Amino acid sequence: MNQTIEVKVPAIGDFKDVPVIELLVALGDRVEVESSLITIESDKATLEIPSPAAGIVKSIAVQIGDRVSEDDPILTLEVANQPVAAAEEPVEPKAGASGAPDAETSEELVTEVVVIGGGPGGYTAAFRAADLGKRVIVVERFPTLGGVCLNVGCIPSKALLHVAAVIEETRDMSAMGVTFAPPEIDLAQMRAGKDKVVARLTKGLAGLAKQRKVRVVQGTGRFESPKRLLVETPTGRVRIAFDQAVIACGSRPIEIPGFPHGDPRVMDSTGALALADIPRRLLVVGGGIIGLEMASVYRALGAEIEIVELKGQLIPGCDPDLVRALTKVIGKRYQRIMLGTKVEQMKATSAGIQVTFAGEHAGEATYDKVLVAVGRRPNGDRIAADAAGVRIDEHGFIATDAHMRTNVPHIFAIGDVVGGPMLAHKATHEGKVAAEVIAGLPALFDPLAIPSVAYTDPEVAWMGLTETEAKARGIAYEKGVYPWAASGRALGLHRDEGLTKLLFDPETKRLLGAGIVGPNAGELIGETVLALELGADYEDIGLTVHPHPTLNESIALAAEMAHGSITDLMPPR
C-alpha cells in the first residue's frame, strides 16, 4: 500500500529566506531517490534540493520566486511503503519519461549531470563534477575523449609543427657552419607518430574517466525536452534523463558557399592534418592562426605556399608590430602573401583547383590543393536546443551568465558555443566553473585576460589590452618594448626578429596587456597573464630577477623600458 509524505527543505546551514530560482518537477512526475526537486540560490551558492524517496509528485507547495528556509514544505510524494535505495551509478530504467518503453531505443540511462561534448571543456566539466560527487555521463561524437582539440586540432597540429620547426632549424644552421642534407620525408611514419601522440593522450583521458566512474556514450546528442537527451550511437539510440546538463558541443570549420568542398583537393583543417600527401602548390585561404600554422607545416615538408587574406594584415586583431615580425620571416619562405584580396571563385578542374581573386591581387591561378581556413562556427544549431528551451542566436551561439548558466537554469554552456575566443584553455576554465556551480559552489568565470597564441614560426602571443584596441577605444597607456635584436639569447639562436611589448596604465603603472613575437612566445606569455591577474606594475615585473641569458628576461627588460631604468639599451626619452 502507498503512503503520502511531505518533503521539506533539509538543513541548509545558515541560509534563510533563500529564493527558489527553478522548479524541476511538475504534478504527476515520477521522481527517483536523489532526483533534484527545486533549485535555490543565495548570494554565496546555488543548491539543488534532492528527493529523499522515489514516488509520484501529488502536490507542490512552492513556486519560482518564493523564499524558503529549513523545514519549509516543498511538495508531497506518494511513495511505496518500502524505501528505494539511492543509485550509486547511472541506472537503466525500464521505461522512458512517459512510462512506456520505446522500441527504437536500445538503452535508457538516468544521471545527475550530462555533458554534451567531450572536448577539453567538456571532459573538464565532467571530471570536476564527478570529483564533487555527481553522477556524470559524457556524450562525445569521436570514439575517444578529447573532442576536436585532441583528435583533429590542437594536439596533432602541434606534433606536426614541431617537425616543421626542426626542419626549418636545420636549414638555418648553415650560418653556424653546419649543413644538413635535405630531409627524407616518410609521410606514413609521420602520420603514425602524430597519431601515437593523440592516442597516448586520449587513452589517458579514458583512464581518468574510468577512475572517476564517468560513463562515456559515443554518439551525437540532441535535446528532446528540458531534461531528456537523445543520442544517436553507432549501435542504436540511447536516451538519457538528467537533472542538469552542460553543453560543450564545440564548433566546426566554416564552409564558403560555392566552393567545391566535396573535392578532396579542397581541405579544411581536419583534412590538412590528415596529411594525405604534400602538394607541389598549396593555397591557404585565410590568414588567421589556423591557416598560418598549417602553412608552416606544409612549407617545411616541401610545398610552395601562397596565402590570401581579405583583411589588410595577417592575424586580424593582433597588433601590427607583432605581425610585421612574423611577416618578415614567412615573407621570405612563401611564394606570395596576398592581403586585401578576396577569393571570388573556385572551380575544380582536371589540372587542379582554379581560383579567381579580386582586390589588390586580382587575377587567376591554379593550385594542386587549397586549404580553406576562414574561421569556425559554433555547433549550437545541431543539438535541438529549442526542445530544451535554450536560446541560441542566429549564428549558433548560446548566451550564458558568469556562472555559465543559460536562460534555462539547469542547463549550462561552455567553450566555443558561448562565444569569445574559441580556445581550449578558455573552455577548460569555463567547464570547471559550470561543474562547481552545479555542485553548489560559489564559482564564476571572470578572467582579466585570455591569452592567444599563433604557433607559427616565429610564434605570436598576446593577452589583455592590445595597442590596437587601446587606440580604438581611446584608452591611455604607456608602452615598453624590448627588441630581441638586443637579446643575447635571441642572437645566439639567430632569431633576432622578435620583440616583447608591455602596456601599462599611465596612472597606476599596472600591467594592461602584453604582446610577444619570436620563438617560444607561447611559453613566455603566461608570466604576463599572471602579472595582470595579480595587479603587478612595471616595478614588480622589472625588479623580479629573471635568469640570464633567456628569452624570458625580455619581459623584465620591457618593463624596465617603460619605467626608464633599462641599462641594456638607451632608455626612451
Can we say residue 523 is free of Cβ contacts under 8 Å to residues at least 24 places away in the same chain and part of a helix (DSSP H, G or I)? yes
With the checklist (1) touching a strand residue (DSSP E or B) at 6+ places or on another chain (Cβ under 8 Å); (2) free of Cβ contacts under 8 Å to residues at least 40 places away in the same chain in hand, flag the one item residue 248 doesn't pass. (2)
As an exercise: evaluate residue 339 against (1) closer than 30 Å to residue 452 by Cα; (2) free of Cβ contacts under 8 Å to residues at least 40 places away in the same chain and give the number of the one condition it does not meet. (2)
Criterion: closer than 28 Å to residue 65 by Cα, out of contact with any Ser or Thr (no Cβ under 8 Å at 6 or more places or on another chain) and open to solvent by 30 Å² or more (accessible area, probe 1.4 Å) - qualifying residue of 469, 436, 430: 436
Residues satisfying the stated conditions in segment 259-303, i.e. farther than 17 Å from residue 160 by Cα and not hydrophobic (A, V, I, L, M, F, W, C): 260, 261, 262, 263, 264, 265, 280, 281, 286, 287, 288
If only one of 175, 199, 206 is closer than 21 Å to residue 275 by Cβ and surrounded by fewer than 18 Cβ atoms within 10 Å (Cβ to Cβ), which one is it? 199
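In segment 326-426, which strands (runs of 3 or more DSSP E) lie fully inside it and hold 3 or more residues that are of a type in the set (Gly, Ala, Ser)? Outline the logic, then answer.
On the way: elements: 336-339, 341-349, 352-359, 363-367, 369-372, 376-378, 411-413.
Filter on segment 326-426 gives 352-359.
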Could you say whether any residue in segment 452-464 is farther than 30 Å from residue 40 by Cβ, part of a helix (DSSP H, G or I) and open to solvent by 50 Å² or more (accessible area, probe 1.4 Å)? no
Consider only pairs whose beta carbons are under 8 Å apart and that are at least six residues apart or on different chains; among these, list those whose first residue lies in segment 205-218 and is under 19 Å from residue 151 (Cβ atoms) and whose second residue is part of a loop (DSSP other than H, G, I, E, B) and among the charged types (D, E, K, R). 218/141
Based on what the data block shows, is residue 514 in contact with a helix residue (DSSP H, G or I) (Cβ under 6 Å, 6 or more places away or on another chain), small (Gly, Ala, Ser) and over 22 Å from residue 161 (Cβ atoms)? yes
Inside segment 505-520, can you point out the residues that are outside any strand (DSSP E or B) and open to solvent by 60 Å² or more (accessible area, probe 1.4 Å)? 507, 508, 520
Restricting the search to segment 280-297, which residues are open to solvent by 10 Å² or more (accessible area, probe 1.4 Å) and in contact with a Phe, Trp or Tyr (Cβ under 7 Å, 6 or more places away or on another chain)? 281, 293
What are the pairs, 6+ residues apart or on separate chains, where a residue within segment 68-83 that is among the aliphatic types (A, V, I, L, M) has its Cβ under 6 Å from a residue that is at pLDDT below 85? 80/2
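The values are calculated or read from the model by the stated rules, or taken from the named source; none is laboratory data. Owing to the predicted nature of the structure, the values given are computational and were not obtained by experimental measurement. Positions of Cβ are generated from backbone atoms using ideal geometry, with glycine treated the same way; all protein chains shown enter the neighbour counts. Each accessible area value is taken on the protein alone, full model and side chains, heavy atoms only, with ligands, DNA and RNA left out. Shrake-Rupley method; radii C 1.70, N 1.55, O 1.52, S 1.80 Å.
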